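> Could you have a look at this structure, given as structure tokens, before my questions?
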Amino acid sequence: MTLNIGVIGTGAIGREHIRRCSQVLQHARVVALNDINRNNCEQVISELGLQAEIYDNAHDLIAAPEVQAILVTSWGPTHEEFVLAAIKAGKAVFCEKPLAVTAQGCMKIVEAEIAAGKKLVQVGFMRPYDSGYRALKAVIDGGTLGEPLMLHCAHRNPAVGDAYTTDMAITDTLIHELDVLRWLLNDDYVSAQVIYPRKTRHASSHLKDPQIVLLETAKGIRIDVEIFVNCAYGYDIQCEVVGESGIARLPEPMSVQTRHAAQLSTGILTDWKKRFIAAYDVELQDFINNVLSGNMTGPSAWDGYAAAVAADACVAAQNNGDIVPITMPPRPAFYC
Ligand code: NAP
């Protein structure tokens, strides 16, 4: 069986996903493309030698009879509209983060999916598909560490452009931790605070960088996440779990160790795409398999909503310096 996919948004990640659907993954074929800029679609078709129809209107692509499932990889503020339209059409939809730019928008999607009576949505949170995070979760769930008490995390990028703003440290960067740490601990957040260390001279004048986000979970676990998006040296994701009886760390990505010129060294990645390349493959293959088998098990619309609720609180905490409560409504039975 092959799943016919339509892709809305053929920018950076859209192209990557089209390439993996066409060249790496099984049981999928990209049959339709849409982008606000038609040239982007034409370029992808010629670069990858695709046989795909170009639709000038995303809603026509969603309605097209040959399209069985949709990938939404357009600009974040467009996601809510396209995901709601896919649900209305009864088609499965993989939506890159954010599911919607507000928690309210995510809730609309949750309500529409529940009303449709069928899970149709997977959110593009790829870290739960990363082999390192999976190994770390297996250790936590295995109980050797005892109960987790504290987490020390870091999300560092070598540099960001001038368009990157202080709130994007939450909505674009921390959002991945907000999702994966909930999943890792099987817990929800109850409060957030943001503090600002001394600013790096590498950050643009309008950007506060680095930042430290302090989270507390319902079980009382304390989490600190350093976000440092102009760290200069590499793309570095760290996570250390301190438990009652021991400590576990996220494994480092594989890298050859060299001995040269009186130095022992291992490389550090600089490109986020390379750090999670395998996770993106596993994540999308999971979506394809789940759509074909009719059992959606990946990060859900509820997970998208939960991350958005926490992100809203973190942005408020950035602005007022207070400890901001995070209130999650009970998880609907539909998502249990
Ligand atoms: P991008 O390179 O700007 O690509 C977005 C594409 O969507 C562009 O081609 C853009 O056209 C097009 N577009 C904008 N509005 C549209 C509309 N109304 N209808 C159809 N197409 C439209 O951005 P990106 O880096 O690929 O990011 C896309 C999304 O993926 C973002 O939400 C981002 O947060 C997410 N993302 C997730 C990850 C992850 O790790 N999971 C990584 C990267 C990105 P123009 O260029 O002409 O505006």
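> For Glu81, work out the one condition from (1) more than 10 Å from the ligand (Cβ to nearest atom); (2) outside any loop (DSSP other than H, G, I, E, B); (3) open to solvent by 60 Å² or more (accessible area, probe 1.4 Å) it doesn't fulfil.
Going through the list (1) more than 10 Å from the ligand (Cβ to nearest atom); (2) outside any loop (DSSP other than H, G, I, E, B); (3) open to solvent by 60 Å² or more (accessible area, probe 1.4 Å), Glu81 breaks only (1).
> How many residues, within the range 1-40, are free of Cβ contacts under 8 Å to residues at least 24 places away in the same chain and either open to solvent by less than 60 Å² (accessible area, probe 1.4 Å) or near the ligand (Cβ under 8 Å from one of its atoms) (or both)? It would help to see each step written out before you state the result.
The initial filter retains those residues of the range 1-40 that are free of Cβ contacts under 8 Å to residues at least 24 places away in the same chain, namely 12, 37-39.
This time we only want the ones that are either open to solvent by less than 60 Å² (accessible area, probe 1.4 Å) or near the ligand (Cβ under 8 Å from one of its atoms) (or both), so: 12, 37.
Matching residues across the range 1-40 total 2.
> Going by what's in this entry, would Ala135 be described as within 19 Å of the chain's Cα centre (by Cα), of a type outside the set (Lys, Arg) and either more than 21 Å from Val229 (Cα to Cα) or modelled with pLDDT under 95 (or both)?
Yes: the conditions hold for Ala135.
Table: residues versus (1) touching a residue at least 40 places away in the same chain (Cβ under 8 Å); (2) not charged (D, E, K, R).
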residue	(1), (2)
Tyr235	yes, yes
Val241	yes, yes
Ser245	yes, yes
Thr266	no, yes
Asp312	yes, no
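> Just wondering, is there one or more residues in the range 266-284 that are more than 24 Å from Arg134 (Cα to Cα), more than 21 Å from the chain's Cα centre (by Cα) and either surrounded by fewer than 18 Cβ atoms within 10 Å (Cβ to Cβ) or aliphatic (A, V, I, L, M) (or both)?
No: zero hits.
> Here's another thing I want to ask about it. Considering the range 153-169 alone, what residues qualify as being open to solvent by less than 70 Å² (accessible area, probe 1.4 Å) and of a type outside the set (Gly, Ala, Ser)?
Passing the criteria: Cys153, His155, Arg156, Asn157, Pro158, Val160, Tyr164, Thr165, Thr166, Asp167, Met168.
> Just wondering, is there one or more residues in the range 145-166 that are touching a residue at least 40 places away in the same chain (Cβ under 8 Å), within 24 Å of Thr297 (Cβ to Cβ) and not in a strand (DSSP E or B)?
Looking for residues that are touching a residue at least 40 places away in the same chain (Cβ under 8 Å), within 24 Å of Thr297 (Cβ to Cβ) and not in a strand (DSSP E or B), one finds none in the range 145-166, hence no.
> Name the strands (runs of 3 or more DSSP E) wholly within the range 224-279 that hold at least 3 residues that are modelled with pLDDT of 95 or more and of a type in the set (A, V, I, L, M)?
236-243
> Confirm whether Lys137 is under 30 Å from Ser245 (Cα atoms), more than 16 Å from the ligand (Cβ to nearest atom) and assigned to a helix (DSSP H, G or I).
yes
> Another question, then. Can you list residue pairs whose Cβ atoms sit under 6 Å apart, with the first residue in the range 87-116 being more than 27 Å from Val30 (Cβ to Cβ) and the second being open to solvent by 30 Å² or more (accessible area, probe 1.4 Å)? Count only pairs 6 or more apart in sequence or on different chains.
Ala103/Asp312; Ile114/Phe334
> Restricting the search to the range 206-233, which residues are more than 24 Å from Val190 (Cα to Cα), in contact (Cβ under 8 Å) with a residue 60 or more places away in the chain and crowded, with 19+ Cβ neighbours inside 10 Å?
Correct list: Val229, Asn230, Cys231.
The values are calculated or read from the model by the stated rules, or taken from the named source; none is laboratory data. Predicted model, so just to flag it, every value in this text is computed and none were measured. With ideal geometry, Cβ positions are generated from the backbone for all residues, glycine too; neighbour counts draw on all protein chains shown. When the accessible area is computed, the model is the full protein with side chains, heavy atoms only, and any ligands, DNA or RNA have been set aside. Shrake-Rupley method; radii C 1.70, N 1.55, O 1.52, S 1.80 Å.
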